[in-house]
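In what follows, a structure is listed as structure tokens, so that the remarks can point back to it.
The values are calculated or read from the model by the stated rules, or taken from the named source; none is laboratory data. Just so you know, these numbers come straight off a predicted model, no measurement behind them. Backbone-built Cβ (ideal geometry, glycine too); neighbour counts: all protein chains shown. For the accessible areas, the whole protein counts, side chains as well, though only heavy atoms, and no ligand, DNA or RNA atoms are used. Shrake-Rupley method; radii C 1.70, N 1.55, O 1.52, S 1.80 Å.
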Amino acid sequence: METGTRENELKKLASALCTKPGGSARDLAAAAGISKATFYRVYSSKDHLEEILTERAEEVVEGLFAITEKDITSRNALSEMMRWCCDNREYLMFLCRSALLGDSCVDTCRCSYDDRMRAFFLKGQQRGEFRVDVPAAVMADYWETIFLFGVEGKGKKESHE
């Protein structure tokens, strides 16, 4: 199977795990448009699928971090971050779901995320690109609220236009 098709399948599976967390392998397979046999052949179990999705979600977060470190204006980086989050919303939703379930791996990611996002907004403030009357930590929290926790609704609408 080609990479783009597998990526699309993984996104559908991540979304299905978030919307129907107690779903069976049959439910997940149906949501991804594959057979139950294919699900088990490729992913072997729900636990294995969750491991794959966690790895992919961590890669997505690393991609987000890479954008914050680019030597471009903070506003351009912010636009690129928005696109990145919308393009990868299923993995981010999965990561948020894992955080709500108390995954310790996500706690480690969370600390790194907070530090890097605050540093990004502070750098933008120091360059005069973002408002200085709103603390960088608050900007990072707003970003998270709008584009990470709210990414499902925003991204889906845009992707169908």
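Near Val42, once Lys and Arg are set to +1 and Asp and Glu to -1 for all other residues with Cβ below 10 Å from its Cβ, the sum equals +1. Applying 1/(1 + (r/R0)^6) with R0 = 41 Å to the Cβ-Cβ distance of Ser112 and Ser35, what FRET efficiency is obtained, to the nearest 0.05? The computed FRET efficiency comes out at 0.60.
Here r is the Cβ-Cβ distance between Lys20 and Arg75 and R0 is 22 Å; the resulting FRET efficiency, rounded to 0.05, is 0.05. Over the stretch 23-105, accessible surface divided per residue gives 50 Å², non-protein components excluded, 1.4 Å probe. Using the Cβ-Cβ distance between Asp141 and Ser44 with R0 set to 30 Å, the FRET efficiency works out to roughly 0.20. Apolar share of the accessible surface for the stretch 36-77: 45 percent from carbon plus sulfur atoms, 1.4 Å probe.
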